[in-house]
Amino acid sequence: MAARHCSRVALVTTLLGTLGAAGRARAEVPVSIQYDSEQRVDLARRLRSELESEGYAVEIAAEAGPSPCEPNGAQPIVSGDTRAWIRISAGPAGGDTAVASICYLGTLPFLQRASTSAPGSDPRQLAVVTAEALNGLRSKVSPAVGDSALPPRREVPPSAAIEPVRATAVVNSMALGVGFLVNAPDYPASPALVLRANLGLTSSAGLVIDALLPTTGAELASAQVTATVRTAWLRMGPRLDFAAGDFELAGALLAGAAVSWATGVALPPRVGTADVSAGALFSLAAALEYPAHSPVFASVSASASALLPGLRLNLGDGAAPRGSWPLEAAIAVGARWGGEP
């Protein structure tokens, strides 16, 4: 009794294995994938993996061979077992978009065509939508000899073929650099240290805190006095980020407090003096950062400000240079970090 039961189990197992192997053999529709440059070899390999997981028999080649897909108006001529041809190339508009041109030959003379696109930086996305498109073409016509039922369809959002995935991470950053400050219209340029921190609020907006510390002062001289003036500030305000390829452009509206101090050396019989003044600072600032999505980046920045009240220094002999419009430019190196919003 036990021997007969074991024999039945073995028979059922053998039949199921045979049917599975036969079904997979029928599902292995030959597909040829061709790509136009080495930049798209990763796209071709990812597409081959996707199609093979659905039961297709796939080969890839760097150069396009003959196929019935050429729009020459002639009757399709097929050599070999290939039933589907896919060519991967750059999108017509250039940029990062990659296009997969598909044609499938079912029962002659029905030649079906389709085209899909996705960002070239996302091989998986192009592979999924192209596999779905090929399955769709096969569903429209009778299968060729030896072609089996279609692999099961998977739901893909309609926009997946054309909409790139957008990052939603909130990013914080800090940068340290060197720059120059000019207190227009009368004060010359002087070097300074710049420290800038950005607290991310959303993926494209943040709160920036900006500080400037002088390293040496701006020197002014008259016949009676030689003065050195230094200015420091701390300001903050909202910042907006804009992506531009590998660059990130940021604009900010800032407000804060500024402190200026001056030391003067006078000719005898005059005596040297020192003076400190404070004011309110209102600024428009911009920064260009590169690379846009790297943990470490370099940046150039500039700002134009209004200082209230402005600087006014008495050098004697009626000389009184003014500085009401601080202009600043800097280069810096920074770091980014962050998490999900």
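Each value in this text was obtained by applying a stated rule to the coordinates, not by laboratory testing. All values derive from a computational prediction rather than experimental measurement. Cβ sites come from the backbone with ideal geometry, for glycine too, and all protein chains shown count toward neighbours.
How much length, in nm to one decimal, is gained on full extension between Ile60 and Ala211, taken as 0.36 nm per residue of separation minus their Cα-Cα distance? Intermediate values should be presented prior to the final figure.
On the way: separation 151, 0.36 × 151 = 54.36 nm, distance 5.67 nm.
Gain on extension, Ile60 to Ala211, equals 48.7 nm.
Could you work out how far apart the two model spin labels at Ser49 and Asp36 are, taking each label as a point 7 Å from the Cα in the direction of the beta carbon, and quote it in nm?
Each label point lies 7 Å from its Cα, and together they span 2.5 nm.
Quote the convex hull volume per residue of the range 170-339, based on C-alpha atoms, as a whole number of Å³.
Roughly 89 Å³ of hull volume per residue.
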